[in-house]
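A quick write-up on the structure given underneath.
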Amino acid sequence: MNPSLHIAANGHLNLDFGDYDSVAYQQACAKLENELGFARHGGIVAGLDEGVCPSFLRAELEISAGWDNWSGSYLLANSDAGDAILRRLYAELQ
């Protein structure tokens, strides 16, 4: 399934990957860490049909990560700067 980009309840962008741990999700995570200088922070909290993964942090910029049965794996921006990063990732995955 192709990734999709939409506005989440927090008013910022959410990049859904459609499947749990899809290849596109792995590529996006690798790009965040290896090319854009983000580091993972936090632990994994798994529920029955959703979970939270370690966030991506770079200075004051945070992009949340997780999964659920409806969206698959996802990345969630928490700021305008995070929105710009997710737009860039989405464009590169197309």
Query raised in the report: Taking the stated definitions as given, is residue 33 under 18 Å from residue 92 (Cα atoms), over 11 Å from the mean Cα position of the chain (by Cα) and open to solvent by 40 Å² or more (accessible area, probe 1.4 Å)?
Result: yes
Query raised in the report: In this structure, does residue 23 turn out to be among the hydrophobic types (A, V, I, L, M, F, W, C), in contact with a Cys (Cβ under 9 Å, 6 or more places away or on another chain) and free of Cβ contacts under 8 Å to residues at least 12 places away in the same chain?
Result: no
**Report entry** Some residue of region 13-30 being more than 20 Å from residue 94 (Cα to Cα) and either of a type in the set (A, V, I, L, M, F, W, C) or out of contact with any Leu (no Cβ under 7 Å at 6 or more places or on another chain) (or both)
**Finding:** no
Query raised in the report: From the list 51, 18, 43, which residue is at pLDDT below 95 and part of a strand (DSSP E or B)?
Result: 51
Query raised in the report: Taking region 42-94 as the region of interest, how many residues are within 12 Å of residue 32 (Cα to Cα), open to solvent by 50 Å² or more (accessible area, probe 1.4 Å) and either without any contact (Cβ under 8 Å) to a residue 12 or more places away in the chain or aliphatic (A, V, I, L, M) (or both)?
Result: 2
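The values are calculated or read from the model by the stated rules, or taken from the named source; none is laboratory data. What you see is a predicted model, and the numbers here were worked out from it, not measured in a lab. Backbone-built Cβ (ideal geometry, glycine too); neighbour counts: all protein chains shown. The area values use the complete protein model at the heavy-atom level, side chains included, leaving out ligands, DNA and RNA. Shrake-Rupley method; radii C 1.70, N 1.55, O 1.52, S 1.80 Å.
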